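The values are calculated or read from the model by the stated rules, or taken from the named source; none is laboratory data. Quick caveat: nothing in here was measured; it's all calculated off a predicted structure. We place every Cβ from the backbone using ideal geometry, glycine too, and count neighbours over all the protein chains shown. Remember, those area values only see protein heavy atoms, side chains included, never the ligands or the DNA or RNA. Shrake-Rupley method; radii C 1.70, N 1.55, O 1.52, S 1.80 Å.
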Amino acid sequence: MSLAGKVVIVTGASSGIGAATAEAFAKQGSKVVLTGRNQANLKSTEAACKTANSNVELLVIAADVTTDAEKIIKTTIDKFGQLDVLVNNAGMGKWGSILDIDVDQFDLVMNTNLRSVFLLTKYAAPHLVKTQGSIVNVSSVAGLRSFEGISVYCTSKAALDQFTRCIALDLAPKNVRVNAVNPGVIVTEFHKRLGFSDEEDAKFLEHSKTTHALGRVGEPNEVADAIIFLASDSSSFITGATLPIDGGRHAMCPR
Ligand code: NDP
């Protein structure tokens, strides 16, 4: 996949899709920068990467993407001297219809899912131009389709898709590719962090089998595999794409 020796930043590497993605890059022989806020979880990902590849070079940066974007890029360059791939994965959501969601929730979701990606991309871009690298953004099927009661999350991911396409055009003349993946329901901590109890989460995952054409939900490694593809030379003629990794959910309409 030509990712050996490449320097890769994965935001939100402390859990779920980001942890699986970090491990997948470690297996490819990449030098992986693991960022997130939860230091204990970052340690677990670090251990998993070392199990995947005992020679892997890692850098752990405990950081909040809403405030530390410049630090994440600078610390990476100070350590490795270059940047080849930026995976903007960190993200979160908040339930709430327009009748009850407040502006603080709007700001938190947009700052985490969109503004941080703008800042990380801005600080990373000059380094990616030097290496002719690439960016993969982790969006959602919620960027492609609308869901009630979670409008700000859907809006943040739709904006992220448009940002992906626009920045792909900005950076194409420099041979830097920019793409996104749009996962369907994937088994991670995401829905519990949205406020689901264990029982509600289990019920939601069971129900989700009916909302995905393949009749099941996805696993983090299935998204990680697509991220590896989009970051590698195997996708050398793909830029500005938003790729659903959703068991066909985006193609479905209620009957
Ligand atoms: P998890 O909740 O398991 O992981 C979320 C990750 O984002 C954690 O590593 C968390 O780090 C990090 N994160 C959140 N906010 C911040 C912040 N302010 N600063 C730094 N890191 C932050 O969920 P997933 O793995 O599922 O989510 C990863 C991405 O996938 C998100 O962008 C999500 O929107 C997207 N997605 C997920 C789907 C799903 O069904 N799971 C479906 C579609 C898209 P920490 O815990 O260290 O704070």
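Quick look at the values:
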item: With every protein chain in place, the stretch 7-246: carbon and sulfur % of accessible area (1.4 Å); result: 53
item: Cβ charges +1 (Lys, Arg) and -1 (Asp, Glu), total dipole of the stretch 1-87, debye; result: 140
item: Above-threshold pairs, the threshold being 29 Å between Cα atoms, out of Lys50/Lys74; Lys43/Lys130; Lys71/Lys174; Lys50/Lys203; Lys94/Lys203; Lys31/Lys94; result: Lys43/Lys130; Lys50/Lys203; Lys31/Lys94
item: Positive-end residue, the chain charge dipole about Cα centroid, Cβ charges, pick of Ile9, Leu99, Gly149; result: Ile9
item: Helix axis angle, 116-131 relative to the chain longest principal axis, alpha carbon, degrees; result: 30
item: Nearest 10 degrees, 0 to 90: helix 151-171 Cα axis against the chain principal axis; result: 30
item: In the stretch 172-255, chymotrypsin sites (Phe, Trp or Tyr not before Pro) in a DSSP loop with at most 15 other beta-carbon atoms within 10 Å; result: Phe237
item: Where the stretch 7-246 is the region considered: accessible area per residue in Å², 1.4 Å probe; result: 46
item: Calculated FRET efficiency for the pair Lys209/Val103, C-beta based, R₀ 30 Å, to 0.05; result: 0.25
item: Principal-axis tilt of helix 69-80 within the chain, Cα atoms, nearest 10 degrees; result: 40
item: Cβ-based charge dipole, the chain, positive-most Cα from Ala52, Thr164, Gln132; result: Gln132
item: Unit charges on C-beta of K, R, D, E only; dipole of the chain, Debye; result: 640
